[in-house]
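Structure first, commentary second.
The values are calculated or read from the model by the stated rules, or taken from the named source; none is laboratory data. Note that the coordinates shown come from a computational prediction; the quantities given were computed from them, not determined experimentally. Heads up, the Cβs are rebuilt from the backbone with ideal geometry, glycines too, and the neighbour counts pull from every protein chain shown.
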Amino acid sequence: MHRAKALITPLMFGVALASQPPTTRPATAAQALERASTALREWAGLAAKEREKAKLKQVVDAVRAAGKPGLSFLAAQVRDHERGGRRREYDALHTVLCHVGLRMLDEVEKSEMVFAGQYAELAVLQPHIGEFFVGLVLTTPQWFPFDRRWRVVPALRDLYPKGPDTETMDKVQAMAEDELEPYHMRVRLGYALAQWGRRRMVKDQILEFQRTLGGKDPERAAVAARDLAALYYAIRDYAPAAVTHREYLRRAVEVEHPLFPVDYYNAACCAALSGDRRGGLEMLRRCIECNVSDDIDSSQRLKLKLFARDPEIAMLRAAPEFVELMRRAFGKAWDVEGGQQSGRRAPDGKAGAGGSGSQTRTKRLVPGD
């Protein structure tokens with residue numbers, strides 16, 4: 001955390017600025033990278049008093065427009081100036097790096113899907129971006145909204161899939177166990193710790209669900225299976241999540257508990273994430289059968305965009321059977337729109353089944369996920 005002071009100071013002037021008007025003709029990848037590299041070099045050459053907020057936003061816009069190559073160029077420039085001891089240039093580019101991270105948080109908050117790995121593209125900016133995000137959570141600066149800290153946790157989980165250093169992990173655990181922290185923040189930190197191998201905060205909850213599963217009340221057992229599957233998903237332990245989702249579906253049928261397309265879709269996602277393509281396709285087939293059923297209200301039906309874009313079922317989209325299932329569900333609309341979307345990069349953000357907000361394809365059944 002030796003860079004903590006440096007990574008906070010350049011950001012005190014904030015980030016809320018008006019959007020620039022779009023260009024009339026989209027730039028090619030090479031043109032976008034050239035614009036980003038030029039903008040970064042010019043920004044690095046400015047004296048501190050010349051670094052205006054509007055100019056900073058233009059630089060961040062250029063980097064984001066250039067995609068992964070833009071991030072890679074930024075990372076290389078930051079490392080180069082850091083190793084060369086060129087403090088002024090390093091500070092200037094580090095400010096851009098931090099604002100790119102903040103922009104990513106905003107993009108995810110406004111978008112329509114949420115999934116593990118959403119911030120993975122920022123990994124090229126490590127270790128600087130990880131240290132910056134850790135600082136937002138553990139030593140939150142005054143300019144960063146306190147009630148937005150929880151939105152940073154998924155980024156930490158993507159940037160540190162196996163966990164940060166022991167000292168940082170200890171601080172995260174202390175925060176998660178602090179009863180003065182908001183409940184939803186503690187839950188999210190607990191999920192992160194579980195992903196990193198420290199399951200103490202979820203262990204009792206898992207055991208309680210398992211006890212209910214083995215109990216004599218079949219309806220409570222079905223609900224416990226659903227919630228346990230959601231908890232496994234939340235801590236990114238996908239193999240038991242897939243198994244427990246199937247257990248929930250079986251028990252729900254036995255007690256005549258209503259099932260919806262989202263229930264089968266969740267099972268398909270967990271199967272795919274655990275590497276079980278056959279099981280995922282079977283759950284997806286049942287999802288589609290439920291989705292087209294006349295017994296299902298339109299508000300419960302999952303929309304084409306979810307199947308076309310959700311990265312969690314990317315493995316399933318590669319299977320020939322997938323297209324047939326989609327055509328059965330959506331007819332020609334899949335060929336017109338779905339086929340195009342499935343070849344594009346998935347959007348980032350919250351998992352919205354229909355995009356309207358009326359019904360979500362969400363596995364977040366455990367409070368706080």
Test for Gly135: is it at positive phi, outside the structural domain of Ile235 (by TED's automatic domain parsing) and not acidic (Asp, Glu): no
Scanning the range 308-357 residue by residue, those in contact with a helix residue (DSSP H, G or I) (Cβ under 7 Å, 6 or more places away or on another chain), among the acidic types (Asp, Glu) and modelled with pLDDT of 90 or more turn out to be Glu312, Glu321
Considering only helices (runs of 4 or more DSSP H) wholly within the range 259-337, the ones with at least 1 residues that are within 17 Å of Leu249 (Cα to Cα), without any contact (Cβ under 8 Å) to a residue 24 or more places away in the chain and more than 24 Å from the chain's Cα centre (by Cα) are 277-291
Counted residues in the range 111-145 being of a type in the set (A, V, I, L, M, F, W, C), more than 20 Å from Met185 (Cβ to Cβ) and in contact with a Pro (Cβ under 7 Å, 6 or more places away or on another chain) come to 2
Exactly one of Glu89, Glu109, Glu34, Glu42 is surrounded by 12 or more Cβ atoms within 10 Å (Cβ to Cβ), part of a helix (DSSP H, G or I) and modelled with pLDDT under 95, and that residue is Glu109
Exercise. Looking only at the range 136-156, decide whether some residue is within 22 Å of Gln58 (Cβ to Cβ), in contact (Cβ under 8 Å) with a residue 40 or more places away in the chain and either surrounded by fewer than 20 Cβ atoms within 10 Å (Cβ to Cβ) or among the hydroxyl-bearing types (Ser, Thr, Tyr) (or both).
Key: yes
Lys203 meets each of (1) crowded, with 21+ Cβ neighbours inside 10 Å; (2) modelled with pLDDT of 95 or more with one exception, condition (1)
| message | Tell me yes or no: at least one residue of the range 163-179 is surrounded by 16 or more Cβ atoms within 10 Å (Cβ to Cβ), among the hydrophobic types (A, V, I, L, M, F, W, C), more than 19 Å from Leu122 (Cα to Cα) and touching a residue at least 40 places away in the same chain (Cβ under 8 Å). | response | no
Condition set among the β-branched types (Val, Ile, Thr) and under 13 Å from the mean Cα position of the chain (by Cα), scope the range 108-161, selection farthest from Leu93 (Cα to Cα): answer is Val114
